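The next block holds one structure in the form of structure tokens; read it before the comments.
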Amino acid sequence: MSQMTHYNAVHIIYKAKVKSVCVFVLLYLPLSMMDIPGPCRHSITKDHLLQIKHLINNQLWNGCSITYRFTERKNLSAVCYVKAALPRVLDLLSGHFKYPRGSDSALSVLSLQNLILNIYSQHCVPALNEELEEDPAGFEKQFTDSPVRALQRAEEVLTVYQQLITHTHTFVDWSCETEYSSYTALTITELPTSTEAALGLLGQIHQGSSDEGFYRLGFIVLSIVSGGLFLILTIYCVMDRKKLQAQVQRPTLDLDRADVHPQSEGLYPLSSHSSNGSEV
């Protein structure tokens, strides 16, 4: 009876350990293959977009015009457009939209300013890397529009950012050196007329390709490390399972031996008795 109890206890422990290891593997796989956004997914809400709509509705449609610099989308991706235009949204709100303290419009502007500052403080959108990325000023343009049109441009940037972080479930690559430099390279290609200028342009292109290769190599190394960790974990699971199976089978073998031993002991006297009878 004690052996059966021991068998059940070992079996329960075995099942619990296997389940825990399997759960750990299932959690490890998605974490190693993607970046979990965390607080960034909730860094902007529908209330923020309603606040900027409130500001737009409070403006005079036929009022005065304002002059400001803002980023044009052109051929930029959503990621690089948000990264380049978000600082211009903050400058626009801080420089051209000032209201009496405590008013609804003033509170809306303050909320939107804190929104952008929190996005940067939580590293949801990284700042421009001046060592690798060109200044996206080439995509900027000076506008003279109504306040309504200026706020609509800002609303577009915030809407693109919200769609980006809520609809993307994988790692967001914020490196934009290729896209920002493409505009600069396009401008430079119209200027060189000598061999030296052409060689300088080729050097810039070669540097960009080497940077891309560096990041590609880093991704490959990260994939190899993740695969190695997963392989080690799999081997551990297999070895641990075999060990537990051996512990489970040992009590069963002991029970079988206990059942066989009394029967074998009863056979030997019978054979001994028959042998004595034959001698007589």
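For segment 139-152, how many residues are surrounded by fewer than 20 Cβ atoms within 10 Å (Cβ to Cβ) and either not hydrophobic (A, V, I, L, M, F, W, C) or not in a strand (DSSP E or B) (or both)?
Within segment 139-152, residues that are surrounded by fewer than 20 Cβ atoms within 10 Å (Cβ to Cβ) and either not hydrophobic (A, V, I, L, M, F, W, C) or not in a strand (DSSP E or B) (or both) number 9.
So is Leu29 modelled with pLDDT of 75 or more and out of contact with any strand residue (DSSP E or B) (no Cβ under 9 Å at 6 or more places or on another chain) or not?
Judged against the criteria, Leu29 is not a match.
For segment 166-179, name all the residues that are hydrophobic (A, V, I, L, M, F, W, C) and within 14 Å of Tyr81 (Cβ to Cβ).
Hits for segment 166-179 are Val172, Trp174, Cys176.
Restricting the first residue to segment 164-183 and requiring it to be part of a loop (DSSP other than H, G, I, E, B), which pairs with a second residue that is surrounded by fewer than 17 Cβ atoms within 10 Å (Cβ to Cβ) and of a type in the set (A, V, I, L, M, F, W, C) meet a Cβ separation below 6 Å and a spacing of at least six or different chains?
Within 6 Å, the pairs are Thr170/Met34; Phe171/Met34.
Within segment 49-59, can one find any residue that is over 28 Å from Ser223 (Cα atoms), in the same structural domain as Leu229 (by TED's automatic domain parsing), at pLDDT below 90 and outside any helix (DSSP H, G or I)?
Among the residues of segment 49-59, not one is over 28 Å from Ser223 (Cα atoms), in the same structural domain as Leu229 (by TED's automatic domain parsing), at pLDDT below 90 and outside any helix (DSSP H, G or I), which makes the answer no.
The values are calculated or read from the model by the stated rules, or taken from the named source; none is laboratory data. Keep in mind it's a predicted model, so treat the numbers as computed, not measured. Heads up, the Cβs are rebuilt from the backbone with ideal geometry, glycines too, and the neighbour counts pull from every protein chain shown.
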